[in-house]
Amino acid sequence: MSSQQPPDEPVYDDRVYRSPMAIVTGVLMLGLVAWLCGDAVLRGQGSTRWVALAIAVCAVPLIVAFTFRPAVFANDDRMRVRNPFRVIELPWAAVDTVRAGYSAEVLAEGSTYQLWSVPVSLRERKKAQRPHSRRGGLTGTGLSPEQGAGAEVDGPQRAGADKIVDELRELAERGATRAGAKGDVSVRWSFEIIAPAVIGAVALIVLLATG
């Protein structure tokens, strides 16, 4: 007897896309906030300590939101976009396209959502689009006629953001017909980031107004 095959292939672990430069920047900024605000709390007098605490309560969530938090998670059925203040769940069947112009974006159900964790570098894109030879250097630059004729030339390359967008677009096209890829786009606000930032900002305003 032959066993019946499942209608869909299994869903594999998410691919995760983050910006390493954003994480490095976040570490440096958190270190700076800890140093300045920590020093003010330990050595400050009067309301200075409370102002420093309010700044830290406001600044830390914002730093986390714009550096550590942004990420894109994608599997065979859907994409989850985690931006600074929102999380967007996008089943592949609901995705119209993924594109990279001046920023990386996903279009779904008439709305456009930016991919914060996939920064687009126009300089990197311009550099990648230049044809290079396998022997090094630009084609026709710094090569003798013999070297130029014998060198094997690569076609235009792709910038990092464009490669990621290509992967996401391929996943969207391949997964759109899967049963698990059906559904509507859902958007959730990240109040765990918004609330402490607002509390810190309000506390800072009150302290400065009454100090």
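The values are calculated or read from the model by the stated rules, or taken from the named source; none is laboratory data. Just so we're clear, the structure is a prediction, and the values are computed from it rather than from any experiment. Note that we place each Cβ from the backbone using ideal geometry, even for glycine, and neighbour counts take in every protein chain shown. Ligands, DNA and RNA are stripped out before the accessible areas are found, and what is left, the full protein with its side chains, is counted by its heavy atoms. Shrake-Rupley method; radii C 1.70, N 1.55, O 1.52, S 1.80 Å.
A full extension of the chain between Glu173 and Glu89 corresponds to an added length of 28.6 nm, given 0.36 nm per residue minus the alpha carbon distance.
Note on Asp96 and Ala209: their simple-model spin labels are 4.3 nm apart, each label 7 Å out from Cα toward Cβ. Counting pairwise Cα distances across the stretch 25-119, what percent come out greater than 23 angstrom? Of the Cα pairs, 43 percent sit more than 23 Å apart. Working note: Karplus 6.51/-1.76/1.60 with θ = phi - 60° gives the stretch 72-81 the couplings 10, 10, 9, 10, 5, 9, 7, 10, 10, 9 Hz, where Gly and Pro are set to x.
Computed on protein heavy atoms with a 1.4 Å probe, the accessible areas place Leu28, Leu204, Leu171 in the order Leu28, Leu204, Leu171, largest first. The listed residues Thr112, Thr67, Thr177, once ranked by accessible area (1.4 Å probe) with the largest placed first, stand as Thr177, Thr112, Thr67. Each of Arg188, Arg169, Arg123 has its accessible area taken with a 1.4 Å probe; listed largest first, they run Arg123, Arg188, Arg169.
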